[in-house]
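Shown next, in structure tokens, is the structure this report addresses.
The values are calculated or read from the model by the stated rules, or taken from the named source; none is laboratory data. Please read these numbers as outputs of a predicted model, since none were measured by experiment. We place every Cβ from the backbone using ideal geometry, glycine too, and count neighbours over all the protein chains shown.
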Amino acid sequence: MFRTMHCLCLTLALLAGSSFMARQANAEATEAEKVEALGASLCKAVHDMSGNPILDSYSIKGNTITMKVYWFGLITKNKYTSNITLYVEPGTSKVTKIDYSDNGPIAYDPAYIEKWRRELNDR
């Protein structure tokens, strides 16, 4: 009887632990998906490209979101990388400043970045 209860308790503990880990992994995936959507949206606002931009890496520290996004040129299909840092106003979701750079062959217009920021904040 004791052995059966012990095995049952151990099984329940393992299931609860795996359920918690699955929820945590799902929350992290959701965060990465949101960051990827932001990066892709900004890259598309700045450049014409083939396909969707892809999130390479990101980090969130305090009120700063830093990401590296790669994308492919519309005509050349060459791979390019954008480095993006979003500064978020504390206590809100408003983006106050954006640092953007990329290695694309055509210079980007900072006005497109500012327009994207204003539209994002108006949502």
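One table, with the values for the structure above:
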quantity	calculated
Every residue from segment 81-113 that is aromatic (Phe, Trp, Tyr) and in contact with a helix residue (DSSP H, G or I) (Cβ under 9 Å, 6 or more places away or on another chain)	TYR100, TYR108, TYR112
Of the criteria (1) modelled with pLDDT under 90; (2) more than 16 Å from TYR112 (Cβ to Cβ), which one MET49 fails	(2)
Considering residues of segment 32-91 that are without any contact (Cβ under 8 Å) to a residue 12 or more places away in the chain and small (Gly, Ala, Ser) only, the residue nearest to ASP102 (Cα to Cα)	SER57
Where GLU114 falls short, out of the listed (1) assigned to a helix (DSSP H, G or I); (2) closer than 13 Å to LEU38 by Cα	(2)
Which listed residue is at pLDDT 85 or above, among the aliphatic types (A, V, I, L, M) and out of contact with any strand residue (DSSP E or B) (no Cβ under 9 Å at 6 or more places or on another chain), from ALA107, ALA16, ALA32, ALA40	ALA107
